[in-house]
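Notes follow once the structure below has been shown.
The values are calculated or read from the model by the stated rules, or taken from the named source; none is laboratory data. In this text, all values refer to a predicted model and were calculated from it rather than measured experimentally. Note that each Cβ is placed from the backbone with ideal geometry, even for glycine, and that neighbours are counted across all protein chains shown. Surface accessibility is based on the protein's heavy atoms, side chains included, excluding ligands, DNA and RNA. Shrake-Rupley method; radii C 1.70, N 1.55, O 1.52, S 1.80 Å.
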Amino acid sequence: MAERTVLVTGGTGGLGGAVTAAFLKAGWRVVVPGREPGGTAPAPPGPVRVIADLLEPAGAARAVEAATAEPAAPLRAVVNLVGGYASGGLVHETPVEEFDRMLRINLRPTYLVTQAALPHLVAAGGGAVVCVSARAALAPFPGAAGYATAKAAVLAFANAVAVEYRQRGVRCNTVLPSVIDTPANRAAQPDADHRRWVPPAEIASVIRFLASDESAPTSGASIPVYGRA
């Protein structure tokens, strides 16, 4: 039986599958919220699935409720993977609605899920939050002002959590990928040198480390996971 639980948002995506597998291999109870029907019963040795819209407070609360439903395996970590990317024109060519959409899908779920989980992490004696920003937050590129701004906001939010909760035993760190080697990214960039991209499993190992007691002294860190890209 698992002795601790991790809540992995975006756990069915290209990176999420690798993250979920890494935590399961390490013996964690893994809860994965999503919008698709699938029930809440685990299919050993798989994750516990729960239907929840993480863009809404009620959905975030439902996901955290599932993650805290097993007293023998208290919630000790939250991994925020939900997000999205869209490219477009330059700033003067980008409708404000598209700019707002990038903020909404990248920042709002991270805020709502972390907000709902923090009291439980504190009550359990501490834990870890891991957020996913992007290299674009530090080094923007043309045509993605909304995405770069949203990922910079995720980074700032994670740093705020690290400061506010360090005396309560909750750490918060961020990973910054470049281009992740997923089927979707390969389809979008078929002519790119995929050997330079970062395999999801390698990022998953970093995330699992940041969520574990092995990284106990580390909070407020921004970890580049660029590979050779």
Task: Scope region 139-162; condition over 18 Å from the mean Cα position of the chain (by Cα) and either surrounded by fewer than 19 Cβ atoms within 10 Å (Cβ to Cβ) or in a loop (DSSP other than H, G, I, E, B) (or both); matching residues - done: Ala139, Pro140, Phe141, Pro142, Gly143, Ala144
Task: Thr218, sole failed condition from (1) free of Cβ contacts under 8 Å to residues at least 60 places away in the same chain; (2) among the hydroxyl-bearing types (Ser, Thr, Tyr); (3) crowded, with 16+ Cβ neighbours inside 10 Å; (4) under 23 Å from Arg4 (Cα atoms) - done: (3)
Task: Failed criterion for Ala128 (all others in (1) under 21 Å from Arg4 (Cβ atoms); (2) in a helix (DSSP H, G or I); (3) touching a residue at least 60 places away in the same chain (Cβ under 8 Å) hold) - done: (2)
- [ ] Considering only region 46-68, state which residues are of a type in the set (A, V, I, L, M) and touching a strand residue (DSSP E or B) at 6+ places or on another chain (Cβ under 8 Å).
- [x] Val48, Val50, Ile51, Ala52, Leu54, Ala63, Val64, Ala66, Ala67
Task: Flag if Arg76 is part of a helix (DSSP H, G or I) and among the basic types (Lys, Arg) - done: no
- [ ] Sort out which residues of region 181-203 are under 22 Å from Val78 (Cβ atoms), open to solvent by 30 Å² or more (accessible area, probe 1.4 Å) and among the aliphatic types (A, V, I, L, M), and write them in order of number.
- [x] Ala201
- [ ] Answer yes or no as to whether Ala116 is part of a helix (DSSP H, G or I) and open to solvent by less than 70 Å² (accessible area, probe 1.4 Å).
- [x] yes
Task: Subset of region 49-78 (residues that are crowded, with 20+ Cβ neighbours inside 10 Å, touching a helix residue (DSSP H, G or I) at 6+ places or on another chain (Cβ under 6 Å) and hydrophobic (A, V, I, L, M, F, W, C)) - done: Val50, Ala52, Leu54, Ala60, Val64, Leu75, Ala77, Val78
TODO: Determine which single condition Phe209 fails, assuming it passes every other condition in (1) free of Cβ contacts under 8 Å to residues at least 12 places away in the same chain; (2) open to solvent by less than 60 Å² (accessible area, probe 1.4 Å).
DONE: (2)
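Quick test for you: out of Glu36, Glu97, pick the one residue that is open to solvent by 70 Å² or more (accessible area, probe 1.4 Å) and modelled with pLDDT of 95 or more.
That would be Glu97, the only listed residue that is open to solvent by 70 Å² or more (accessible area, probe 1.4 Å) and modelled with pLDDT of 95 or more.
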TODO: Any residue in region 73-94 that's closer than 30 Å to Val170 by Cα: show its pairings with residues that are among the polar types (S, T, N, Q) at Cβ separation under 6 Å, as long as the two are six or more apart or on different chains.
DONE: Ala73/Thr5; Leu75/Thr5; Leu75/Thr68; Asn80/Thr9; Asn80/Thr110; Leu81/Thr9; Val82/Thr9; Gly83/Asn106
TODO: Would you confirm whether any residue within region 167-175 is in a loop (DSSP other than H, G, I, E, B), free of Cβ contacts under 8 Å to residues at least 12 places away in the same chain and over 15 Å from the mean Cα position of the chain (by Cα)?
DONE: no
Open item on the list: Which condition from (1) out of contact with any helix residue (DSSP H, G or I) (no Cβ under 7 Å at 6 or more places or on another chain); (2) part of a helix (DSSP H, G or I); (3) not hydrophobic (A, V, I, L, M, F, W, C) is the one that Asp191 breaks?
Closed with: (2)
